[in-house]
1. Just checking, does region 2-10 include any residue being more than 19 Å from the chain's Cα centre (by Cα), of a type in the set (Lys, Arg) and farther than 18 Å from Ala74 by Cα?
2. Quick one: Ala119 ticks every box in (1) closer than 19 Å to Leu25 by Cα; (2) in a loop (DSSP other than H, G, I, E, B) bar one, so which box is it?
3. Can you report the number of residues in region 1-45 which are of a type in the set (Ser, Thr, Tyr) and more than 17 Å from Pro117 (Cα to Cα)?
4. Considering Asn102, Asn124, which residue is under 25 Å from Thr11 (Cβ atoms), part of a helix (DSSP H, G or I), over 16 Å from the mean Cα position of the chain (by Cα) and polar (S, T, N, Q)?
Amino acid sequence: MKTLYTFVAPTGRLFLAMMFFMSGLSKIGNYAGTQGYMEAMGVSGALLPLVIVLEALGGLAIILGWQTKIASFALAGFCVVSAVLFHNDFSNQAEMASFMKNVTIAGGFLLLVAHGPGAYALDNRVKSVQA
């Protein structure tokens, strides 16, 4: 059971952050389309580079377990802000589901903030080097 528990944290980090890492990369390939969508929703397209960096690098940081608490806190905030800005039509059941999905993912990130990255994380290696 202890071996299984050791692999749960890195697998959870991968599952939680993979979507953000891939989404950040895909926004590079569809920059104009993403920028147009943001602007159609009333959000400045000038923020897109920040979004790409946050999603791609924040997602990668969580997957690797590096600066996990900081990256998780930033992505939790991103999830809540994007839920409010892009999924606020509660009369549409799909939008309500997307809103709740974002809030749920934010909750997962906040658990990483509270409990840390778990096993197989670069954060743990940095701690052992400093000690």
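1. Taking region 2-10 first, the residues more than 19 Å from the chain's Cα centre (by Cα) are 2-7.
Going one step further and asking which of them are of a type in the set (Lys, Arg), we end up with 2.
Now restrict to residues that are farther than 18 Å from Ala74 by Cα: 2.
Yes: region 2-10 contains one or more residues that are more than 19 Å from the chain's Cα centre (by Cα), of a type in the set (Lys, Arg) and farther than 18 Å from Ala74 by Cα.
2. Unmet condition: (1).
3. First, the residues of region 1-45 that are of a type in the set (Ser, Thr, Tyr): 3, 5-6, 11, 23, 26, 31, 34, 37, 44.
With more than 17 Å from Pro117 (Cα to Cα) added as a condition, the list becomes 23, 26, 31, 34, 37, 44.
Residues flagged as of a type in the set (Ser, Thr, Tyr) and more than 17 Å from Pro117 (Cα to Cα) within region 1-45 amount to 6.
4. On the way: Asn102 fails: over 16 Å from the mean Cα position of the chain (by Cα).
After applying the criteria, what remains is Asn124.
Here is a yes/no grid of residues against (1) modelled with pLDDT under 95; (2) surrounded by 13 or more Cβ atoms within 10 Å (Cβ to Cβ); (3) within 19 Å of Ile63 (Cα to Cα); (4) β-branched (Val, Ile, Thr):
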site: Met1; (1), (2), (3), (4): yes, no, no, no
site: Arg13; (1), (2), (3), (4): no, yes, yes, no
site: Ile28; (1), (2), (3), (4): no, no, no, yes
site: Ala32; (1), (2), (3), (4): no, no, no, no
site: Tyr37; (1), (2), (3), (4): no, yes, no, no
site: Val43; (1), (2), (3), (4): no, yes, no, yes
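The values are calculated or read from the model by the stated rules, or taken from the named source; none is laboratory data. Values in this document were obtained by computation on a predicted structure and should not be read as measured data. Ideal geometry is used to build each Cβ from the backbone, glycine not excepted, and the neighbour counts take in all protein chains shown.
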